[in-house]
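Report on the following structure.
The values are calculated or read from the model by the stated rules, or taken from the named source; none is laboratory data. What you see is a predicted model, and the numbers here were worked out from it, not measured in a lab. Here Cβ is always computed from backbone atoms with ideal geometry, including for glycine, and neighbour counts include all displayed protein chains. When the accessible area is computed, the model is the full protein with side chains, heavy atoms only, and any ligands, DNA or RNA have been set aside. Shrake-Rupley method; radii C 1.70, N 1.55, O 1.52, S 1.80 Å.
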Amino acid sequence: MSEALEYLVAARPEAMRAYFRFLREAGKHLDPRTRALISIITKVAAQTDDGFRQYIARGLQAGLTANEILDGLLMAFPALGLTKITWAMDILLAMDIPEFRLESMNAQPGRWHRVAAIADLPARGVRRLACDDRELFVTCHDLEFQVLDSRCPHQVTNIPELALQGDRLVCPRHGWVFDIASGACVEKGDRPLRRFESRTEEGSLLAYW
Ligand code: FES
């Protein structure tokens, strides 16, 4: 939630509760993907940068593909117009989200990726790695591995290695704090880091996305 909304919730709690209830009720017959897509389009119509970034993250978490989001924006062209759509594209390009890169959009979705040789990973600890189109935090504990996305679930910020503070990962953009052992968000936010399915095979750690 933005600081402005937090202020209004504190200053006018009843009015704001009614507003949020209205939003929930208004979309209650829609599935999460459709709700997210409509929310993305409304953020482009209003040209709210933070809201657009936030709902792109939510849409991807709800299972929307980059192609579906682009289709939604292009279908809204008669209402949005070219200027607002290019405004949105400029933000998407600046965010550099793996799903929106042209090579990813044209690739077959879902395959196993070789993340690292197990011999190159620490027995215990965290390693930040780049693998194909993504950056990852890999946690290692006696040959038990967990592969987490480096992208923040709030607004898809690519969280750098420097954000690691012991067993906590602090997103530099708005300060959401994650427990690196589980990926859970433990402060400020309410959604965990994305965790990729992983397995070991022939001395390598593999992850699926
Ligand atoms: S993008 Fe907002 S806390 Fe990470």
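General observations
- Listed residue (55, 178, 22) projecting farthest to the positive dipole end of the chain, Cβ model: 22
- Using the Karplus relation 6.51 cos²θ - 1.76 cosθ + 1.60 with θ = phi - 60°, the per-residue 3J(HN,Hα) values for segment 183-192 come to x, 5, 7, 10, 8, 6, x, 9, 9, x Hz, with x marking Gly and Pro.
- Cα centroids of segment 15-61 and segment 125-192: 25 Å apart.
- Per residue, the chain reaches -12500 deg cm²/dmol at 222 nm when only DSSP H runs of four or more residues are counted, each adding -39500 (n - 2.57).
- Those lysines that a straight Cα-Cα span of less than 22 Å connects to residue 43, excepting residues fewer than 8 apart in one chain: 28, 84
- Of all accessible heavy-atom area on the chain, the percent that carbon and sulfur account for (1.4 Å): 54
- For segment 66-109, the Cβ-based charge dipole about the Cα centre amounts to some 140 debye (Lys, Arg positive; Asp, Glu negative; other atoms uncharged).
- With each label modelled as a point 7 angstrom along the Cα→C-beta vector, the residue 28-residue 91 pair spans 2.9 nm.
- Most fluctuating residue given options 192, 172, 109, as computed from a GNM of the chain linking Cα atoms under 10 Å: 109
- Here, the chain yields an orientationally averaged convex hull projection of 13.2 nm² when only Cα atoms define the hull.
- Extension gain from residue 167 to residue 191, taking 0.36 nm per residue of separation minus the Cα-Cα distance: 6.9 nm
- Long hydrophobic helices in the chain: the complete DSSP H runs spanning 18 Å or more by Cα along their own axis with mean Kyte-Doolittle hydropathy of at least 0.0 are 32-46, 77-95.
- The charge dipole of the chain, taken about its Cα centre with unit charges on the Cβ atoms of Lys, Arg (+1), Asp and Glu (-1) only, comes to about 600 debye.
- Cα gyration tensor shape for segment 1-118, rounded if a/c is under 1.5, else prolate or oblate: prolate
- Ordering 75, 105, 34 by the projection of their Cα atoms onto the charge dipole of segment 31-105, which places +1 on the Cβ of Lys and Arg and -1 on the Cβ of Asp and Glu, puts 34 at the extreme positive end.
- Relative to the Cα centre, the charge distribution of segment 31-105, modelled as +1 at Lys and Arg Cβ and -1 at Asp and Glu Cβ, gives a dipole magnitude of about 220 debye.
- FRET efficiency, 1/(1 + (r/R0)^6) with R0 45 Å, evaluated for residue 83 and residue 199 via beta carbons: 0.45
- R0 of 25 Å, Cβ-Cβ distance residue 3-residue 177: FRET efficiency to nearest 0.05: 0.90
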